[in-house]
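The values are calculated or read from the model by the stated rules, or taken from the named source; none is laboratory data. Here the structure is a predicted model, which means the values were calculated and not measured. Glycine gets a Cβ as well: all are built from the backbone with ideal geometry, and neighbour counts include every protein chain shown. Keep in mind that these areas ignore ligands, DNA and RNA; they rest on the heavy atoms of the full protein, side chains included. Shrake-Rupley method; radii C 1.70, N 1.55, O 1.52, S 1.80 Å.
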Amino acid sequence: MAESLADPGPIVEPLSPTIAVESCYLPGRFHSDPADRIIVATARVIGATLLTRDRDILDYAAAGYVTGRRA
């Protein structure tokens, strides 16, 4: 983990109360895996682009629920 974070760019986003609540109230239909819900909620709250190969998350994004960019 330390080696990965030593590179410029990656950050660790803390689990805020806003992200925790968002993960429980995601719009549309999304499966109940808590880790995936937190990942998606984090991207939504901070406006980050989410990169994944997870089909459920990709389908959710295709429905327009995961958007945004982070510099």
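Observations on the structure shown:
- Boolean, THR18 is within 13 Å of THR67 (Cα to Cα), touching a helix residue (DSSP H, G or I) at 6+ places or on another chain (Cβ under 8 Å) and at pLDDT 95 or above: no
- Test: residue in the range 1-11 that is within 14 Å of TYR60 (Cβ to Cβ) and out of contact with any strand residue (DSSP E or B) (no Cβ under 6 Å at 6 or more places or on another chain): no
- Selected residue [outside any loop (DSSP other than H, G, I, E, B), surrounded by 18 or more Cβ atoms within 10 Å (Cβ to Cβ) and without any contact (Cβ under 8 Å) to a residue 40 or more places away in the chain] from ALA35, ALA41, ALA61: ALA41
- Taking the conditions (1) in a helix (DSSP H, G or I); (2) in contact (Cβ under 8 Å) with a residue 24 or more places away in the chain in turn, VAL66 satisfies each one other than (1).
- Residue match in the range 48-55 (condition: without any contact (Cβ under 8 Å) to a residue 40 or more places away in the chain, open to solvent by 50 Å² or more (accessible area, probe 1.4 Å), hydrophobic (A, V, I, L, M, F, W, C) and not in a loop (DSSP other than H, G, I, E, B)): no
- The set of residues from the range 14-32 being open to solvent by 70 Å² or more (accessible area, probe 1.4 Å) and not small (Gly, Ala, Ser) comprises PRO14, LEU15, PRO17, THR18, VAL21, CYS24, TYR25, ARG29.
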